[in-house]
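The numbers here are math on the coordinates, done by the rules we state, and not lab data. No experiment lies behind these values; they were computed from the predicted model shown. Quick reminder, even Gly has a Cβ in these numbers, built from the backbone with ideal geometry, and neighbours come from all protein chains shown.
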Amino acid sequence: MRYYSFRILAGFSLFLTTASIGCANDTTVKLAEKIDRGDSAWIMVSTALVLLMVPGLALFYGGMVRRKNVLATMMQSMVALAIVGVYWIAIGYALAFGQPLIETSAGSFLGFRAELVFLAGVQPYDVLPGTGIPVYLHMLYQGMFAIITPALISGAVAERIRFKPYCIFLILWITLVYCPLAHCVWALDWWTGLPDAGTNAVGFLGKMEALDFAGGTVVHIAAGFSGLAAILILRKRIGYPEHAMHPNSMVLTLTGAGLLWFGWFGFNGGSGLASGALATSAFAATQSAAAAAALSWMLVEWWHRGKPTALGLATGLVAGLVAVTPASGFVYPWGGFVIGLISGVVCYVSVSLKPFIKYDDSLDAFGVHGVGGFLGAVLTGVFCVEWDFLSPTVGKPGLLASGGSPRQLGIQLLAAALSAVFAFALSLVLVKLIDTAFGFMADLEEEIEGLDRLEHGETGFDFGYGYEVATIANPAEPRPAIVPPNGFGRFHVVVEGANNGDLIHAWSEMCKPTPEPEPEFKEVYPFVTTVQGNRFQFRGGDKNLLRASLQKLFEKSLKRPLRVKIEA
């Protein structure tokens, strides 16, 4: 009897369990039906495109530094994937897109929502209100913006900062600068539970009706002006601007620029959080601006310097992408084209003024992202149009009103200025505190040797130790000019009384950047063309003066008397 009673109870329990699972599955299916598969597919693709921008940025920056710092520079971009990637999932998303935490009548300055911490209170089928995509996907997409933004700052101080303080800076900057700015611009009333949730701005700049489609204020102005703050606090690179610091590989830089351009379609095209007309409009404006800026930069550089450079083309297209970012969803393609043309010229001028102002913006992070981002935010108020598909759930093309207005231009100017001041002031304090506590800058000896080996114990391009120190037996000499510059010809100075290896080693040491080179080296170096053994070929200059300076220079270095003679 007990056996049959047990079977009856077990069967009843199984029925209840099956029924409850069926009800849960039905609920899950109904919730999942709210997810728009097309929109979700496009935002997943956009998320991957923005992620690709990080290695693109690493290549772009890595090619512009000297060979001894290429790996350290690329690491400063790539490490954000790990540090900021973890931080964003843990707490960053909750701070940037949570319910208002610090709120005034003018709007909220910071948010928080406990369920968003590690997304512990969110299910995979929970849809972000006002959209057709899951909350998980929105978190991942916005996380890519958070990852690449502080990586942009590293370009301002490349080749002279240490890795550990930089990692600390990443965490503090995301917490104190990026998350508040992202909340001020992009946070909506997603978590209110109202039928129209996700359509009304709650952040300070959003309530002010500032337009920032994909991150002109949050990303580029914030990164650019934070980079400027770091430049002003930290010292210049050794030898800057007296010594030329040539890029190690334009191949890497051009490849990186191409990947940035490719990934930027997800950066701008996905910011409407839906596929369709709005994404297409942002796509078209992005392409127009990038192409126009690359062209305008190349042409103005060609006119100004006499040659169009690969570095100029790459930097120009990035300047156009930066400038169109806040405007991409609010302008016609021709508006993006005009923004690109203007940004290429303005950013070129800002970068060209750097040697005269003598601030060491290593890879032009401020000149491109700070200036270009500010310019783009302001021009958004000039060329913006108002579409009736701004809400991702509407998706119907059509124009309600066109053209910017003096009021919108004023709002854009104020929003850009507030973002710049906020990011600059907080970064100034952060960099100073970290530099005082941990020492942000590399030592002089470390900078001279290169950060790849000293910070990471590796090299970006390992050609072997012998390659770097061995003398070249028969170096290729340049063909003589038909008319030597300044009327001077070529001549050789032969140094006798020392081994060729000692001479080459001493000369290599002299050529390393130092705070104050020997006065004789300053006299000799500009006229040396090639060195072969103990023979130094010169072009131009006073023969006797250069011979005497070279003799004095090597006698001081080798601490022995030498015989130095001139050969025609």
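Annotations
- Alpha-carbon centroids, region 238-275 and region 100-170: separation in whole Å: 22
- Taking a straight line from the alpha carbon of LYS358, these aspartates and glutamates sit under 19 Å away, with near neighbours fewer than eight places off in the same chain left out: GLU159, GLU242, GLU516.
- Within the chain, longest stretch clear of exposed GluC sites (Glu not before Pro) (DSSP loop, no more than 11 other Cβ within 10 Å): 243-457
- Residues SER108, SER226, SER508, sorted so that the one with the fewest Cβ neighbours within 10 Å comes first: SER508, SER108, SER226
- Ranking of MET208, MET53 by count of other Cβ atoms within 10 Å, fewest first: MET208, MET53
- Whole-Å distance, taken between Cα centres, linking region 312-349 and region 514-568: 48
- Cα-Cα pairs of region 485-567 separated by more than 17 Å (percent): 40
- Dipole moment magnitude, nearest 20 debye, the chain about Cα centre, only Lys, Arg, Asp, Glu C-beta charged: 840
- Lys, Arg +1 and Asp, Glu -1 on Cβ, resulting dipole of region 485-567 about Cα centre, debye, nearest 20: 200
- Among VAL382, VAL218, the ranking by other beta carbons within 10 Å of each residue's beta carbon, starting with the fewest, stands as VAL382, VAL218.
- Pairs of Lys residues in region 485-567 are counted when their Cα atoms are under 17 angstrom apart and they lie 8 or more places apart or on different chains; the count is 8.
- Region 485-567, relative contact order in percent, only Cα pairs under 8 angstrom and at least six apart counted: 47
- Positive-end residue of GLY227, LEU503, PHE109, charge dipole of the chain with Cβ unit charges: LEU503
- Relative contact order %, the chain, counting alpha carbon pairs below 8 Å whose residues are six or more apart: 17
- Since only THR286, GLY336, PHE538 are under comparison, the one whose Cα sits farthest along the positive direction of the charge dipole of the chain, derived from C-beta charges on Lys, Arg, Asp and Glu, is PHE538.
- In whole angstrom, the chain maps to an equivalent ellipsoid with semi-axes of 56, 28, 20, each derived as √(5λ) from the alpha carbon gyration tensor and ordered largest first.
- Region 69-173, relative contact order [Cα under 8 Å, separation at least 6], %: 33
- Ordering of 538-546, 136-144, 62-70 by burial proxy (mean other Cβ atoms within 10 Å per residue, highest first): 62-70, 136-144, 538-546
- Descending by average beta-carbon neighbour count within 10 Å, the peptides 287-300, 227-240 line up as 287-300, 227-240, the highest first.
- Relative to the dominant Cα principal axis of the chain, helix 333-352 is inclined by about 40°.
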